[in-house]
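Quick notes on the structure that follows.
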Amino acid sequence: MKTRLILLVALLAAFCPTLLLAKKYSNYLFVYFPSNDNENIYYALSTKAQPFDFVPMNNGQMVISADTIALKKGVRDPHVLRGDDGWFYMVNTDMRCAEGWASNRGIVLMRSKDLVNWQHSTVHFPDKYKGTNFANVTRVWAPETIWDPVAKKYLVYFSLLTNDGTIPYDKVYYCYANADFTDLEGEPTFFYDRGSATIDMDIVFSEKDQLYHAFYKNEGSGGICKVTASSLTPAPGQAPGSQWSKPSGTLQQTKVAVEGAGVWPLIGQDKWILMYDCYGSGYYQFCETSDLSTFKLLHQTETKGMFTPRHGTVLPVTRKEVKRIAKALAKKNK
């Protein structure tokens with residue numbers, strides 16, 4: 001009887017992975033930077049029961065100081081990925097907006113086993129790609145990471161703009177990261193653009209339709225749109241970028257300006273959340289979807305007081321991980 005029960009649980013877990021998620025994860029960790037004059041990394045937590053009520057950790061103080069990890073002494077747009085290999089991967093825009101919106105020249109790569117202690121390295125495009133057009137970047141914006149099961153490597157993608165006319169508006173490019181996540185391999189390869197500035201791309205994979213859903217902000221037509229693909233890179237012999245579908249219409253549930261789209265799964269539910277920063281209006285919006293195509297506004301959180309998130313990532317975490325982070329921050333502040 002016991003063996004039968006074990007087999008039944010295993011079968012249910014295989015066909016209903018959300019059952020495991022419901023048991024494993026207890027909270028949501030929001031990793032973000034708070035403002036244009038405070039470009040450091042902060043953490044906030046919400047619960048499984050109240051996923052949109054985030055409370056800053058570390059008494060509302062920074063968790064990672066940008067001047068310890070970035071060439072520009074400022075970081076923006078932190079994206080965190082939970083790897084299947086036991087590592088967490090974070091990438092950031094290496095930038096200080098006080099120097100201008102075309103002032104960053106690279107990204108910061110980070111890796112951690114515990115969300116507390118982070119290895120870090122920088123990729124400075126003018127040095128790494130000297131002698132190529134990629135040395136002429138005026139910005140390398142909003143990098144993110146996703147595992148490519150075909151290449152069996154972590155793919156890092158970002159928006160590029162150069163001052164030599166070869167990349168005349170922001171287009172999304174990608175490189176693979178090296179094995180220890182300290183550098184990028186080879187030159188950037190074209191990934192996608194909408195025909196005008198395309199930034200803040202966030203890609204998730206849906207088990208339901210076996211498609212990659214890439215959400216992005218298009219500066220020309222406004223708002224957040226998405227494209228889909230069955231593989232991250234094109235079929236052999238096909239042009240770079242040809243793997244993506246035609247773009248959707250705008251997906252945000254508001255008429256105000258938005259940016260920094262992020263998509264994350266609800267714990268124990270066959271649903272996703274699309275969040276975005278209504279950056280000129282003082283609030284974040286959170287929209288629910290079960291198909292990654294149709295969205296319903298669920299919650300609107302004001303960005304004020306200690307909680308003023310800008311472009312970041314929400315990651316489901318376990319109770320054990322929450323306790324470990326809290327303990328480390330308490331120890332650090334003694």
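The values are calculated or read from the model by the stated rules, or taken from the named source; none is laboratory data. None of these values were measured; they are calculated from a predicted model. Neighbour counts run over all protein chains shown; Cβ positions are idealised from the backbone, glycine included. For accessibility, only protein heavy atoms count, side chains too; no ligands or nucleic acids. Shrake-Rupley method; radii C 1.70, N 1.55, O 1.52, S 1.80 Å.
Computed quantities for the displayed model
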item	result
Within a Gaussian network of the chain (alpha carbon springs, distance under 10 Å), most fluctuating of G241, G305, G223	G305
Carbon and sulfur %, accessible surface of the range 232-316 computed with the full protein complex present, 1.4 Å	50 percent
Percent carbon-and-sulfur accessible area, the range 24-105, ignoring ligands, DNA and RNA, probe 1.4 Å	48 percent
Residue among A49, A257, A70 with the largest mean-square fluctuation in a Gaussian network model of the chain, springs linking Cα atoms under 10 Å	A49
The range 131-245 shape via C-alpha gyration tensor axes, a/c threshold 1.5	oblate
For the range 221-300, size of Cβ-based charge dipole, Lys and Arg +1, Asp and Glu -1, in debye	160 debye
Rounded to the nearest 20 debye, dipole of the range 66-183 from Cβ charges on Lys, Arg, Asp, Glu	140 debye
Set of the range 34-54 residues, backbone N closer than 19 Å to the point 7 Å along the Cα-Cβ line of E288	46-54
Within a Gaussian network of the chain (alpha carbon springs, distance under 10 Å), most fluctuating of A261, A44, A151	A151
Label-point separation, Q238 to S121 (7 Å along Cα→Cβ), nm	3.2 nm
Virtual spin-label span in nm between D183 and D164, 7 Å along Cα→Cβ	2.1 nm
Translational diffusion of the range 34-132, µm² s⁻¹ [Kirkwood Rh, Cα pairs; Stokes-Einstein; 4 °C; 1.567 mPa s]	88 µm²/s
Partners for K320 among lysines (Cα-Cα distance below 17 Å; same-chain residues under 8 apart left out)	K23, K24, K48, K113, K331
Calculated on alpha-carbon atoms, Rg and Dmax of the chain in Å	19.6, 71
Label zone at E207, where the point sits 7 Å out along the Cα-to-Cβ direction: the range 244-280 residues whose backbone N lies under 20 Å	263-274
Farthest positive-ward along the chain dipole, Cα basis, beta-carbon charges - from F205, T254, I64	I64
Pair K271, K24: separation of 7 Å Cα→Cβ label points (nm)	2.1 nm
Rounded if a/c under 1.5, otherwise prolate or oblate - the range 254-324, Cα gyration tensor axes	oblate
Whole-percent carbon and sulfur share, accessible surface of the range 129-211, 1.4 Å	52 percent
Over the range 57-115, equivalent-ellipsoid semi-axes from the Cα gyration tensor in Å	23, 15, 9
Partners for K246 among aspartates and glutamates (Cα-Cα distance below 14 Å; same-chain residues under 8 apart left out)	D193
Over the range 150-189: Kirkwood hydrodynamic radius from C-alpha pairwise inverse distances, Å	11.1 Å
Solvent-accessible area per residue, Å², over the chain with all protein chains present [probe radius 1.4 Å]	46 Å²
